[in-house]
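Taking it in order: structure first as C-alpha cells, then the write-up.
Bear in mind these aren't lab numbers, they're just calculated from the coordinates by the rules spelled out. As the structure is a computational prediction, the values presented were derived from the model and not from experiment. Using ideal geometry, Cβ is built from the backbone for each residue, glycine included, and neighbour counts are taken over all protein chains shown.
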Amino acid sequence: MSELVALPDPDPRPQPPEEPGPNECCGSGCPLCVLDLYNDELQRYRAALAAWTLRHPDAID
C-alpha cells in the first residue's frame, strides 16, 4: 500500500510582514526606523500579493 505525500505549494500566497510592536520605535528619528522598514516590507508584500492574485484569480480571501 502506498501513501500519498503532500508536496509543498510551489506558489504559496504571500504572507504580510509582522507589524512592529507599539514600543519598538524609539521616536528619535533613526535613519533605519523599524516603522520605515515595516512600510517598505508592506509595500513589497502588497506588490507580491497583487501579482499572486493575478496568477490565482479563483483564490478566496
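Helix 34-55 and the longest principal axis of the C-alpha atoms of the chain enclose an angle of approximately 30°. Which option, (i) 96; (ii) 71; (iii) 148, is the value of volume of the Cα convex hull per residue in Å³ that was calculated from these coordinates? Answer label, from the structure shown: (iii). Ordering VAL5, LEU54, CYS33 by the projection of their Cα atoms onto the charge dipole of the chain, which places +1 on the Cβ of Lys and Arg and -1 on the Cβ of Asp and Glu, puts LEU54 at the extreme positive end. For the chain, applying the loop criterion from DSSP together with a ceiling of 12 other beta carbons within 10 Å to the GluC sites (Glu not before Pro) yields GLU3, GLU18, GLU24.
As a proxy for reagent exposure, ranking ASP11, ASP58 by other Cβ atoms within 10 Å from fewest up yields ASP58, ASP11.
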